[in-house]
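Shown next, in structure tokens, is the structure this report addresses.
Since every read-out is calculated from the coordinates, none of them should be taken as a lab result. Note that this is a predicted model, so its numbers are computed, not measured. In this analysis, Cβ positions are derived from the backbone assuming ideal geometry, glycine residues included, and neighbour counts consider all displayed protein chains.
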Amino acid sequence: MKFLNLIRAGLPALLAVAFTAAPALAQTAAPTINKGDTTWMMTATVLVLVMTVPGLSLFYGGLVRQKNMLSMLTQVFYTVCAVFVLWVLYGYSLVFTGGSDFIGGFSKAFLGGIAPDTAGGTFTVGVAIPELVFVMFQMTFAGITAALILGSVAERTKFSAIALFIPLWITFIYFPIAHMVWYWAGPDAVDAAAKALAAATDPAAKAKAQEALDAVMADGGYLFKAGAIDFAGGTVVHINSGIAGLVGCLIVGKRLGYGRDVMAPHSLTMTMIGACLLWFGWFGFNAGSNLEATGSAVVAFVNTFVATAACALSWMFVEWIVKGKPSMLGIVSGAVAGLVAVTPASGFAGPMGSLVLGLVAGVICFFFCTTVKNTFKYDDALDVFGVHCIGGITGAIATGILVDPALGGTGVFDYVANKVGDYDFVTQVVAQLKGVGVTILWSGIGSAIIWKFVDLVVGLRPAPDREREGLDISDHGERAYNA
Amino acid sequence: MKIVTAIIKPFKLEEVRDALTGIGVHGLTVTEVRGYGRQKGHTEIYRGAEYAVNFLPKLKIEVAVDSSEVTKVINAITSAAKTGQIGDGKIFVVSLEHAVRIRTGETDADAL
């Protein structure tokens, strides 16, 4: 365990491995911190913050009734702040240190041992960014994931319930899933161990080197090792929050007057502004997930344009055909669904693959937000399930298909062989389905338990008259608009 | 004295005001209201949620006039607010017992 952590720490560990396994490998370059990459990652990090506050809060806020506007804004703001604090206390350590397949350890709790010049791995051997910027970048992901859930239970959940739910959820659901999907020993460790194996000459050294490589390969999250690929968080962020939202709206129950009262959005103008800020910030989310400002980041950047536009058009035209009118809410909902769907695929698919993904996701998500929701009559107020869970599942499975180099994808890089690995449709799609399934089960069941627990401790719903009065007044003692 | 209350289409307000000014009526009160008569509402769709909106936005104007002016006022409003389509609105006339101008204390006809 200690040995593996050393590898993550960069230079000294790398040299240690190189020297002990095979002295000939002393020339393996130590990872150097690149100023350009560092700059890009700081920028990408604040772009993801913009997605959440103000982006997501305005997107959601515009969709609720006027009397619940501040409740929505406050809940989102609270969520990111609470998650950020927990992240630096123990979240980063639980996600990004080794330990078990399902959760990391506490060796980096309180950001212990991470100095300003501590190198953090990227996806390229020998290239590093300061680990601290990686800590912050990943922190913003945890923040937005938790905030996404709030839309499904909007307009009828007490603030005290949200205040308790979020820390529990981020700890018991998000941290394990992020660890399972994203934690691995890093390219430098794998590369060094693989080179040591190649350089080993006598059988004893070979066996020892093989053992070292196996140990490095075993140091990863459960789904990472299962081969599930998720570039920027289709499973970790979107399926995870989407299913937590669905069980949340089922347990919290429908808004008073659901299906009888008019619950029209109070400001689609703000929803439009929020959606645009989401799109804007999403370039940090997707292209930033490359961790380096390289051509691969640009691929994610392109896909974040293409899939989004295609999905927005697809939703709009389907709505036009089915409902008779192309709506503003429809085209921006389609854009968000496209962003969700392309998230796991953004660094793996080619632009034409993303285009097709966007077109397909628009139809699927529209169907879930209209027909399916109305058939089963669950009050997922702001369509967190229909857009994020369903869009996320569509994207996760499509990633397994579109990564195929024959379809313009990048393939999956094999750091042991030091080349792009062979693509096999069945293997990859099965791995993707495993990622989807594990996330749905873990988050679905775990979130249900947490919602129930919160209900027992502080209660989920306000008294009916307080809910009718609006959460702005009953929870926060203020009104959004006093003009 | 009479109160003439008219429910009109919102975009007709300026024409109605001009017509009333033209016959010497100086001063009226406008309120934004919602309601329906023969004109039915419309459907609004927000993703999967469809709402039948039955109450349509209208303007309610109220004019206090001397009883002898009522016919002229009704004619002015009718000709200015009419489009010939359903939803043009209605005019109601009720008696007014007493009126006071707050600034001067003048009453009834002098206060109008």
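Hey, among the residues in the stretch A:255-293 that are surrounded by fewer than 24 Cβ atoms within 10 Å (Cβ to Cβ) and of a type in the set (Ser, Thr, Tyr), which one's farthest from A:Asp465 (Cα to Cα)?
Taking the candidates together, the pick is A:Thr269.
Scan the stretch A:126-161 for residues that are assigned to a loop (DSSP other than H, G, I, E, B), among the β-branched types (Val, Ile, Thr) and surrounded by fewer than 22 Cβ atoms within 10 Å (Cβ to Cβ) and jot them down.
So the first thing to find is which residues in the stretch A:126-161 are assigned to a loop (DSSP other than H, G, I, E, B), and the list is A:126, A:150-158.
Filter again for among the β-branched types (Val, Ile, Thr), leaving A:153, A:157.
Those that are assigned to a loop (DSSP other than H, G, I, E, B), among the β-branched types (Val, Ile, Thr) and surrounded by fewer than 22 Cβ atoms within 10 Å (Cβ to Cβ): none in the stretch A:126-161.
Every residue in the stretch B:34-54 that is more than 9 Å from chain A (Cβ to nearest Cβ) and small (Gly, Ala, Ser), please.
Listed by number, the residues that qualify are B:Gly35, B:Gly37, B:Gly41.
Hey, does the stretch B:27-35 have a residue that's surrounded by 13 or more Cβ atoms within 10 Å (Cβ to Cβ) and charged (D, E, K, R)?
Step one: filter the stretch B:27-35 for residues surrounded by 13 or more Cβ atoms within 10 Å (Cβ to Cβ), giving B:28, B:30, B:33, B:35.
Filter again for charged (D, E, K, R), leaving none.
Checked the stretch B:27-35: no residue is surrounded by 13 or more Cβ atoms within 10 Å (Cβ to Cβ) and charged (D, E, K, R).
Surrounded by 21 or more Cβ atoms within 10 Å (Cβ to Cβ), touching a helix residue (DSSP H, G or I) at 6+ places or on another chain (Cβ under 9 Å) and not in a helix (DSSP H, G or I): is that true of A:Gly91 in this structure?
Details: surrounded by 21 or more Cβ atoms within 10 Å (Cβ to Cβ): yes; touching a helix residue (DSSP H, G or I) at 6+ places or on another chain (Cβ under 9 Å): yes; not in a helix (DSSP H, G or I): no.
Judged against the criteria, A:Gly91 is not a match.
If A:Val247 passes every condition in (1) part of a helix (DSSP H, G or I); (2) over 18 Å from the mean Cα position of the chain (by Cα); (3) within 14 Å of another protein chain (Cβ to nearest Cβ) but one, which one does it miss?
Result: A:Val247 fails condition (3) only.
Just the residues that are surrounded by 12 or more Cβ atoms within 10 Å (Cβ to Cβ) and charged (D, E, K, R), please, taken from the stretch B:1-26. Even if it seems obvious, please write down each step before you answer.
So the first thing to find is which residues in the stretch B:1-26 are surrounded by 12 or more Cβ atoms within 10 Å (Cβ to Cβ), and the list is B:1-10, B:12-13, B:15-17, B:19-21, B:23, B:25.
Correct list: B:Lys2, B:Lys9, B:Lys12, B:Glu15, B:Arg17.
This table checks each residue for (1) in contact with a Cys (Cβ under 8 Å, 6 or more places away or on another chain); (2) free of Cβ contacts under 8 Å to residues at least 24 places away in the same chain.
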| position | (1), (2) |
| --- | --- |
| A:Thr308 | no, no |
| A:Val318 | no, no |
| A:Pro326 | no, yes |
| A:Ile331 | no, yes |
| A:Gly338 | yes, no |
| A:Gly350 | no, no |
| A:Ile364 | no, no |
| A:Thr371 | no, yes |
| A:Tyr378 | yes, no |
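Would you point out which residue out of A:Gly259, A:Gly245 is over 18 Å from A:Gly409 (Cβ atoms) and touching a Lys or Arg at 6+ places or on another chain (Cβ under 8 Å)?
Values: A:Gly245 fails: touching a Lys or Arg at 6+ places or on another chain (Cβ under 8 Å).
Residue meeting the stated conditions: A:Gly259.
In the stretch A:461-483, how many are touching a residue at least 12 places away in the same chain (Cβ under 8 Å), under 19 Å from A:His266 (Cα atoms) and loosely packed, with under 15 Cβ neighbours inside 10 Å?
The number of residues fulfilling the criteria is 5.
If you check A:Leu223, A:Leu197, which single one turns out to be assigned to a helix (DSSP H, G or I) and under 27 Å from A:Lys434 (Cβ atoms)? Step through it out loud before you land on a result.
On the way: A:Leu197 fails: under 27 Å from A:Lys434 (Cβ atoms).
Residue meeting the stated conditions: A:Leu223.
For the stretch A:330-370, how many residues are β-branched (Val, Ile, Thr) and closer than 16 Å to A:Leu246 by Cα?
If we filter the stretch A:330-370 for residues that are β-branched (Val, Ile, Thr), which is where we start, we get A:331-332, A:336, A:340, A:342-343, A:356, A:360, A:363-364, A:370.
With the extra rule that they be closer than 16 Å to A:Leu246 by Cα, the set shrinks to A:370.
Going through the stretch A:330-370 one residue at a time, the tally reaches 1.
Any idea which of (1) farther than 30 Å from A:Ala300 by Cα; (2) part of a loop (DSSP other than H, G, I, E, B) is the one A:Leu213 doesn't satisfy?
A:Leu213 satisfies every listed condition except (2).
Within the stretch A:313-335, how many residues turn out to be within 11 Å of chain B (Cβ to nearest Cβ) and either closer than 23 Å to A:Val237 by Cβ or buried (at least 23 other Cβ atoms within 10 Å of the Cβ) (or both)?
The number of residues fulfilling the criteria is 7.
For the stretch B:89-112, give me each residue that is among the basic types (Lys, Arg) and within 17 Å of B:Val70 (Cα to Cα). Reasoning before the result, please.
Pass one, the stretch B:89-112, residues among the basic types (Lys, Arg): B:90, B:101, B:103.
Of everything in the stretch B:89-112, just one residue is among the basic types (Lys, Arg) and within 17 Å of B:Val70 (Cα to Cα), namely B:Lys90.
Please indicate, with yes or no, whether at least one residue in the stretch B:46-54 is over 17 Å from the mean Cα position of the chain (by Cα) and in contact (Cβ under 8 Å) with a residue 40 or more places away in the chain. Outline the logic, then answer.
From the stretch B:46-54, those over 17 Å from the mean Cα position of the chain (by Cα) are B:46-54; that's our starting set.
Then keep just the ones that are in contact (Cβ under 8 Å) with a residue 40 or more places away in the chain; that gives none.
Among the residues of the stretch B:46-54, not one is over 17 Å from the mean Cα position of the chain (by Cα) and in contact (Cβ under 8 Å) with a residue 40 or more places away in the chain, which makes the answer no.
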